[in-house]
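Asker: Below is a structure I'd like to ask you about.
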Amino acid sequence: MEQTLPPAQRAELLIQAMTLDEKIQQIAMKPVPNTDLPECGFYAGARHVEGIPRLNIPTIRMTNGPIGVGGGDCSPDPQATGVPTELAVAASWDPSASYRWGDIAGSETRSNAHNVFLAPGVNLGRIPNNGRNFEYFGEDPYLAGVMASEQTRGVQRHGVQATAKHFAANEQETQRSTMNTIVDDRTLHELYLLPFEMSIKDAGLAAVMCSYPRINGTFACENRPLLTDVLRDQWGFEGYVMSDRGAPKSTVPAIKAGLDLEFASPRFFTPDTIKPALAAGQITVADLDGMLKPRYATMFRLGQFDHPVIGFTPIDFATHGAAARQLAEQGSVLLKNEGGVLPLDATKLRSVALIGPQTFAGEAKFPATGPGGFIKVNAPYTVTPEEGLRNTLAGLGSHATVTYHNGTDLAGAAALAARSDVAIVMAGDISLEGVDRANLDLPIQDGVDQEALISAVARVNPRTVVVLKNGGPIVMPWLSQVPSVLEAWYPGQEDGNAVANVLFGVVNPSGKLPITFPKAEREAAASTPEQFPGVDIDGTLTATYSEGLRMGYRWYDATNSAAQFPFGFGLSYTSFAISKLVVTPQTADGTEPIRVAFFVENTGKTAGAQVPQVYLGLPSATGEPPKRLVAFEKVWLNPGQKKLVELTIDPAASNHPLSIWDSGRRQWTVTDGEYQVYVGDSSTNIVLSDSITVRTPPGRQP
């Protein structure tokens, strides 16, 4: 077939050459070890679709995604860079950081002989307890969509497929395989579907993975309104839909709904189920062709037929490791810093106490996914917190000593802290797929009561710094006892260097929270058991999204409630000023772009970065929460430097910034009226505001 033909036409010609048995073989993964490469003949996890040499159809191997390259079709796991989590990348508020993360992942996926990267994860941080929040980009759909789109571009530039998951409304792990999510259509479109839509329209996403739960009564992998009406008809999605492992519940309903590929360990897309359905006329060969065409067209588009993966290639781990360190540094969020404790002055320190459980203070903290956390990244090296502190101190010319205590003996830990110039307590949690956190406290870890440890150290050393390594928000009953708190998330293989560089001011923290930290367990979308984890209705755990659009910071805005730390919040070692807001035009027709311009100035003495955030308040007639994030930019400035920032709010953009979803008309609509434009450095610290009037001419909508 001619290589000059369009991908869709090449796919059609290929399908015409296939036998029925070959077509059936290609709609499910093969539940045996893959043996076409000598390095990949051991793992029986079946993350591959077996190739067909007769037709030059390559074997497609898949590797897990949101924690880096690991858990693929080859065993033992080949080495890959231990990157920070997606939540940490979201905390950078830097789209280029997400692109770099995806660039590393796409490169290493291909170098490790795989074709599909099972990420980005774009479910939202609706509840802080979600065991997989660390795999996602936070609570705001626009921020998640921007970051997911950039990650997708980074992955797919290497001819590797990116797979957005989990489609859709899979915001908890509790009974995820059987639960029912009740969410109204408008909320679904404006919040939980939006990051998927943005990734498809802005980045040419290759694949979507349907999720486990029922959505309004119908399982996601046989939900035609989602898989066909929304994905293909509304959004024009040209990629394919695969299931999560074990998510399909049927053969015919799933195929008719729009599921194209059954993930590992197939039960419903096998010859024993497909052939009887064909014989009974429940499905047709044309249905099978329709399942194959978008995947083959995607493979042609990404060059996976013309430039197949033929083996393993070397990885530049030095370059990727340096990038992993920078990503961890950018994603670190300074939550509290009183009394000028941070940055630590290496020239004035003689002794540093490093205290905390082995998991967080004794070793580099890696994320893990899969039930029980069985999927990890096989990193080429790690930097422990103690090694990182020593490296940074040496680089600054300091001879201060670093002494580590694992915290199992509170008295011993306190004694070490009391005789040290500064005490650094590293604490956290272990979030895992398949289980939600029972509460938002720091758990007992490695035999250490972390809450008690922080309090014991803080009582004897007024220069106590808490470094958090966690997968999502926590409550902090000890917050008033310590002067400084740094949120480091799960930093990856360069943990020690990245955290130490931020603590000592080698790097100025510039991260902002992508998810609200609540004051208490039951707030926002987790206010009632009916919302989370759900209640039993006719034998099925049912979680009702009764908060509607009031999720995350939108709930705090709408109820005038104060969070422990708000969305978008993050401190710096310098200070910034945002001034002179100009919004044009002042009267718009609902289709023309709106220009938002202002100055950002570094008014302190240290180089750093600020993230001005633009929020839009829609007319009261829309029934929207007070504001939504519509634009942001990370601005790097030297001391005294001032920069004009110009951002655009485009009504035609994939995030529909001016629009609301009209469920009756099945379309996005712009409401006439006054729109408030807010600019600030968090969702609660709005420093500038203006308004515009929108009047849409009859018949004109973006």
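Asker: Against the 2.2 N^0.38 Å scaling, with N counting residues, where does segment 129-261 land? I'd like the Cα-based Rg ratio to two decimal places.
Answerer: 0.98
Asker: For segment 558-702, what does the accessible surface come to per residue with a 1.4 Å probe? Please give it in Å².
Answerer: 41
Asker: I would also like to ask the following. Compute the convex hull volume of the Cα atoms of segment 481-540, divide it by the residue count, and report the result per residue in Å³ as a whole number.
Answerer: Once divided by residue count, the hull of segment 481-540 is 149 Å³.
Asker: Please enumerate, by chain and number, the lysines with C-alpha under 20 Å from the C-alpha of K348, excluding those fewer than 8 residues away in the same chain.
Answerer: K605
Asker: Rg and Dmax of segment 280-328, Cα atoms, in Å?
Answerer: Answer for segment 280-328, Rg first and Dmax second: 19.7, 58 Å.
Asker: Check cross-link reach from K519 to the lysines: straight Cα distance under 22 Å, and skip same-chain residues fewer than eight apart.
Answerer: In chain and number order, the partners are K336, K469, K627.
Asker: Next question. Counting Lys and Arg as +1 and Asp and Glu as -1, each charge on the Cβ, what is the dipole of the chain about the Cα centre in debye, to the nearest 20?
Answerer: Roughly 640 debye for the chain.
Asker: What is the ratio of the Cα radius of gyration of segment 554-702 to 2.2 N^0.38 Å, where N is its residue count, to two decimals?
Answerer: 1.12
Asker: Mind putting together the pair-distance distribution for segment 96-175? All Cα pairs, 5 Å bins, whole percent per bin, short to long.
Answerer: 3, 18, 25, 21, 16, 11, 5, 1
Asker: Give the average over all directions of the projected area of the C-alpha convex hull of segment 1-137, one decimal, in nm².
Answerer: Averaged projected hull area, Cα only: 10.8 nm².
Asker: Averaged per residue, what accessible surface does segment 196-284 expose to a 1.4 Å probe, in Å²?
Answerer: Roughly 33 Å² per residue, with all protein chains present.
Asker: Quick one: Karplus J couplings for segment 672-681, per residue in order, coefficients 6.51, -1.76, 1.60, θ = phi - 60°, nearest Hz, x for Gly and Pro?
Answerer: 5, x, 8, 10, 8, 10, 10, 10, x, 10
Asker: In the chain, carbon and sulfur make up what percent of the accessible area (probe 1.4 Å)?
Answerer: 51
Asker: Pull up all non-local amide H partners of D441: gap of 5 or more, or a different chain, and H-to-H distance under 5 Å with H placed in the peptide plane.
Answerer: Amide H neighbours of D441, under 5 Å, 5+ apart: V475.
Asker: Of (i) 80, 69, 46; (ii) 88, 78, 44; (iii) 79, 65, 54, which is the value of Cα extents along the principal axes in Å derived from the coordinates here?
Answerer: (iii)
Asker: With θ taken as phi - 60° and the coefficients 6.51, -1.76 and 1.60, list the Karplus ³J(HN,Hα) couplings across segment 577-593 in order, rounded to whole Hz; mark glycine and proline as x.
Answerer: Coupling constants for segment 577-593: 10, 10, 8, 6, 6, 10, 10, 9, x, 6, 10, 10, 9, x, 10, 7, x Hz.
Asker: Which number comes out as Rg/Rh for segment 5-79 once both Rg and the Kirkwood Rh are worked out on C-alpha atoms?
Answerer: 1.04
Asker: Students sometimes get this wrong: rank D202, D244 by accessible area, probe 1.4 Å, all chains present, largest first.
Answerer: The ranking, largest first, comes out as D202, D244.
Asker: What per residue convex hull volume, in Å³, comes out for segment 646-702 when only alpha-carbon positions are used?
Answerer: Normalising the Cα hull of segment 646-702 by residue number yields 118 Å³.
Asker: If we count every other residue with Cβ under 9 angstrom of P78's Cβ, Lys/Arg +1 and Asp/Glu -1, where does the sum land?
Answerer: It works out to a net charge of -3.
Asker: At 1.567 mPa s and 4 °C, plugging the Kirkwood radius over alpha-carbon pairs of segment 451-591 into Stokes-Einstein gives what diffusion coefficient in µm²/s?
Answerer: So the translational diffusion coefficient is about 69 µm²/s.
Asker: Of the listed pairs K30/K275; K23/K201; K165/K256, which have alpha-carbon separations greater than 24 Å here?
Answerer: The pairs that break the limit, which is 24 Å between Cα atoms, are K23/K201.
Asker: Still on this structure, please answer the following. Report Rg(Cα)/(2.2 N^0.38 Å) for segment 228-385, keeping two decimals.
Answerer: Against the compact-globule rule of thumb, the ratio is 1.67.
Asker: Further question on the same structure: Using modelled amide H (1.01 Å from N, peptide plane; none on Pro or chain starts), what sits under 5 Å from the amide H of W668, excluding residues fewer than 5 places away?
Answerer: Amide H to amide H, under 5 Å and 5 or more residues apart or across chains, W668 pairs with D662.
Asker: Two decimals is fine: what's Rg over Rh for segment 354-394, C-alpha atoms, Kirkwood radius as Rh?
Answerer: Here Rg/Rh amounts to 1.07.
Asker: Taking only Cα atoms of segment 375-514, what ratio of Rg to Rh do you get with Rh as the Kirkwood inverse-distance radius?
Answerer: Here the Rg-to-Rh quotient is 0.95.
Asker: Further question on the same structure: Which ³J(HN,Hα) values in Hz, rounded to whole numbers, follow from the phi angles of segment 541-556 under the Karplus curve 6.51 cos²θ - 1.76 cosθ + 1.60, where θ = phi - 60° and Gly and Pro get x?
Answerer: 5, 10, 9, 9, 7, 5, 5, x, 6, 8, 10, x, 4, 5, 5, 4
Asker: Using only alpha carbon pairs under 8 Å that are at least six residues apart, calculate the relative contact order of segment 32-144 and give it in whole percent.
Answerer: 23
Asker: Would you kindly compute the Cα radius of gyration of segment 56-146 and its largest Cα-Cα separation (Dmax), both in Å?
Answerer: 13.9, 47
Asker: Would you work out which of Q151, H189, S250 lies farthest towards the positive end of the dipole of the chain? Charges go on Cβ: Lys and Arg +1, Asp and Glu -1.
Answerer: About the Cα centre, the residue reaching furthest to the positive side is Q151.
Asker: Quick check for you: with a 1.4 Å probe and neighbouring chains kept, what is the accessible area per residue of segment 73-140, in Å²?
Answerer: 12
The values are calculated or read from the model by the stated rules, or taken from the named source; none is laboratory data. Owing to the predicted nature of the structure, the values given are computational and were not obtained by experimental measurement. When we count neighbours, we look across all protein chains shown, and the Cβ atoms used for this are built from the backbone with ideal geometry, even at glycine. Just the protein is used for accessible areas: all its heavy atoms, side chains included, with ligands, DNA and RNA removed. Shrake-Rupley method; radii C 1.70, N 1.55, O 1.52, S 1.80 Å.
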